[in-house]
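Asks: So that we are looking at the same thing, I have put the structure below in structure tokens.
The values are calculated or read from the model by the stated rules, or taken from the named source; none is laboratory data. Source: prediction; values computed, not measured. Cβ placement follows ideal geometry from the backbone for every residue including glycine, while neighbour counts extend to all protein chains displayed. Each accessible area value is taken on the protein alone, full model and side chains, heavy atoms only, with ligands, DNA and RNA left out. Shrake-Rupley method; radii C 1.70, N 1.55, O 1.52, S 1.80 Å.
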Amino acid sequence: MSSVDNVMDKLVSLAKRRGFVFQSSEIYGGLGSVWDYGPLGVELKKNIKERWWRAMVHAREDIEGLDAAILMHPKVWEATGHVAGFTDPLVDCKHCKNRFRADDPRLKGTPGQPDAQCPVCGTRGSLTAPRQFNLMFKTFMGPVEEQAAVIFLRPETAQGIYVNYLNVLQSSRQKIPFGIAQIGKAFRNEITPGNFTFRTREFEQMEMQFFVKPGTEGEWFEFWRAERMKWLVALGIRADKLRFHQHTPKELAHYAKEAYDIEYEFPFGWHEFEGIHNRTDFDLTRHQQFSGKKLEYLDTATNERYVPYVIETSAGADRTALVVLCDAYAEEDVEGEKRVVLRFQPSLAPLKAAVFPLVNKDGMPELARRLYDRLRRHFNVFYDDGGSIGRRYRRQDEAGTPFGITVDGQSTQDQTVTVRDRDTLQQVRVASDRLTDYLTEKLAS
Ligand code: GAP
């Protein structure tokens with residue numbers, strides 16, 4: 001087993017054991033590359049989304065929020081070019097029926113020719129020539145399953161923003177430059193999903209479209225590139241594991257004039273998890289043509305009319321959560337024993353603290369319960385009275401809980417408790433009536 005598999009295998013197993021991520025429909029054998037978030041995973045992803053929303057919407061007066069529907073008018077996807085162009089070239093093996101992307105590095109020879117060899121069954125000459133395969137999921141709207149009722153699950157959230165740009169502009173009384181942000185599900189029928197939650201068929205995006213005056217897009221592109229990297233570093237992700245990758249002309253999506261990926265060094269290599277794109281006026285112009293509705297902006301100061309340019313920041317919530325998990329994962333020796341710990345930044349940690357009675361007698365459980373009930377009003381806190389205190393600490397290390405609060409014999413005498421720091425392993429005594437303030441301060445730092 002390679003070390004890459006090893007680290008990812010350990011992470012996948014920890015994610016399941018501790019309730020971060022489960023395979024979808026597992027009791028039926030699982031559904032390919034679709035994942036469910038368990039009690040800790042849903043908190044982690046929610047904390048990431050909340051940080052994003054705070055930075056992108058609440059902290060800025062020039063960005064508004066939106067929650068558009070997943071189902072959109074089918075013409076949207078004709079206008080955007082997704083019906084015609086959101087495709088991957090695909091190769092079939094006629095022998096074992098497996099499908100591959102035409103650029104799969106495992107393919108040997110030229111697909112469609114006798115020399116080509118299937119990487120799964122090894123048959124020669126069984127691979128078809130590449131065919132274009134559309135990645136959008138299709139379904140039917142209404143009771144009749146006919147061509148006229150075909151509708152798509154959105155492959156990106158961005159289009160809900162473009163078609164609502166005038167509604168938001170008029171109702172919020174924003175002026176250009178301004179942005180619209182939204183978080184929501186997107187779907188792509190990926191041919192080669194994999195690497196745990198990295199590439200899946202159902203995922204969540206956190207996207208923001210910033211509408212600017214043509215000619216100013218270059219400076220806004222640079223502004224948002226810098227802002228997004230700053231945000232990621234502020235989440236506690238190690239800066240030396242992050243880098244930009246500029247798209248070559250061949251890599252650019254059909255709508256983009258310039259684009260940078262933000263990549264993270266996962267255990268399986270450097271890969272993109274966020275993109276900053278200069279989408280020009282491509283989307284709005286196309287929607288204007290296909291809908292027949294004018295989508296121009298009137299600058300009342302100069303009386304100029306124009307279709308705005310758009311700078312997009314597009315992040316995957318699931319991929320960002322995977323980055324946070326990979327970055328937090330550590331194994332270390334503590335006094336001769338192996339410890340696995342998730343070093344989440346406290347603000348992202350699913351549980352902020354765990355409360356333990358040292359033993360289940362002498363008034364300790366009662367005091368610990370009272371403390372737990374009090375803390376629960378402010379933070380997501382866990383109560384654990386099972387097993388040795390060492391095992392309880394280790395369980396919380398694996399969950400990434402920053403603080404362990406132990407009620408011991410002294411606590412029942414002087415109303416103080418010990419607070420153990422997940423990272424330094426140091427313990428301090430804190431008066432139990434000061435604990436809420438103590439944790440509030442620590443969690444904010
Ligand atoms: N609106 C632009 C857009 O969708 P993208 O680069 O195709 O651009 C943006 O996707 C982000 O969405 C990616 O950086 C990634 O984090 C996430 N994403 C895309 N496809 C994904 C998939 N199949 N599984 C998980 N996340 C995905």
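Asks: Taking amide hydrogens as modeled 1.01 Å from N in the peptide plane, which residues meet the under 5 Å criterion relative to Arg199, leaving out close sequence neighbours?
Replies: Gly194
Asks: Using a probe of 1.4 angstrom, how much of the accessible area of the chain is carbon and sulfur, in percent? It would help to have the intermediate numbers written out before the result.
Replies: Values: 10630 of 21440 Å².
The nonpolar share, carbon plus sulfur, comes to 50 percent.
Asks: Can you report the principal axis dimensions of the range 223-363 using only the alpha carbons, biggest first, rounded to whole angstrom?
Replies: Extents along the principal axes, in whole Å: 77, 40, 27.
Asks: Among 131-143, 250-262, what's the highest-first ranking by average C-beta atoms within 10 angstrom per residue? Present the calculation step by step, with values, prior to reporting the outcome.
Replies: Numbers: 131-143: 13.2, 250-262: 16.3.
By packing density, highest mean first, the sequence is 250-262, 131-143.
Asks: From Cα pairs below 8 angstrom and at least 6 apart in sequence, can you work out the relative contact order of the chain, rounded to a whole percent? It would help to have the intermediate numbers written out before the result.
Replies: Numbers: 808 pairs, mean separation 55.0, N = 445.
With pairs under 8 Å counted, the relative contact order is 12 percent.
Asks: Here is a further query. Below 16 Å, Cα to Cα, which aspartates and glutamates can Lys94 reach? Residues fewer than 8 away in the same chain don't count.
Replies: Leaving aside aspartates and glutamates fewer than 8 places away in the same chain, those within reach of Lys94 are Asp115.
Asks: What does the helix-only formula give at 222 nm for the chain: each DSSP H stretch with n ≥ 4 adding -39500 (n - 2.57), the total divided by the residues, and the result rounded to the nearest 500 deg cm²/dmol? Walk me through the numbers before you get to the answer.
Replies: Working: 13 runs with 134 residues, N = 445.
That calculation yields -9000 deg cm²/dmol at 222 nm.
Asks: Would you look at the GNM of the chain, springs on alpha carbons closer than 10 Å, and say which of Lys361, Lys185, Lys230 moves the most?
Replies: Comparing Lys361, Lys185, Lys230 in the GNM, the peak value goes to Lys361.
Asks: Under 15 Å between alpha carbons, and skipping anything fewer than 8 positions from Lys138 in its own chain: which aspartates and glutamates qualify?
Replies: Within reach: Glu78, Glu146, Glu156, Glu190, Glu202.
Asks: Using a simple charge model, +1 on the beta-carbon of Lys and Arg, -1 on the beta-carbon of Asp and Glu, nothing else, what dipole does the chain show about its Cα centre, in debye to the nearest 20? Present the calculation step by step, with values, prior to reporting the outcome.
Replies: On the way: 61 positive and 62 negative charges, 130 e Å.
Here the size comes out at about 620 debye.
Asks: Rounded to the nearest 20 Debye, what is the dipole magnitude of the range 1-75 about its Cα centre when Lys and Arg each give +1 and Asp and Glu each give -1 at the C-beta? Present the calculation step by step, with values, prior to reporting the outcome.
Replies: On the way: 11 positive and 10 negative charges, 36 e Å.
Taking the Cα centre of the range 1-75 as origin, the dipole is about 180 debye.
Asks: Please give the per residue accessible area of the chain, computed with a probe of 1.4 Å over protein heavy atoms only, in Å². Walk me through the intermediate numbers first.
Replies: Details: 21440 Å² over 445 residues.
In whole numbers, the chain has 48 Å² accessible per residue.
Asks: Along its principal axes, what span do the Cα atoms of the chain show, with the longest given first and each in whole Å?
Replies: Per principal axis, max minus min of the Cα coordinates gives 76, 68, 48 Å.
Asks: So which of Lys175/Lys230; Lys241/Lys442; Lys10/Lys46; Lys185/Lys257; Lys175/Lys293; Lys46/Lys213 end up more than 28 Å apart by C-alpha? Intermediate results must be reported in sequence, preceding the final value.
Replies: Details: Lys175/Lys230 26 Å; Lys241/Lys442 26 Å; Lys10/Lys46 23 Å; Lys185/Lys257 25 Å; Lys175/Lys293 20 Å; Lys46/Lys213 34 Å.
Those over the limit are Lys46/Lys213.
Asks: Provide the per-residue ³J(HN,Hα) series for the range 257-274, in order, calculated from phi with Karplus coefficients 6.51, -1.76, 1.60 and θ = phi - 60°, each as a whole number of Hz, with x at glycine and proline positions.
Replies: 9, 8, 7, 10, 8, 9, 10, 10, 8, 6, x, 9, x, 6, 9, 6, 9, 8
Asks: Strictly under 4.7 angstrom between C-beta atoms: which cysteines of the chain have no such partner?
Replies: Cys326
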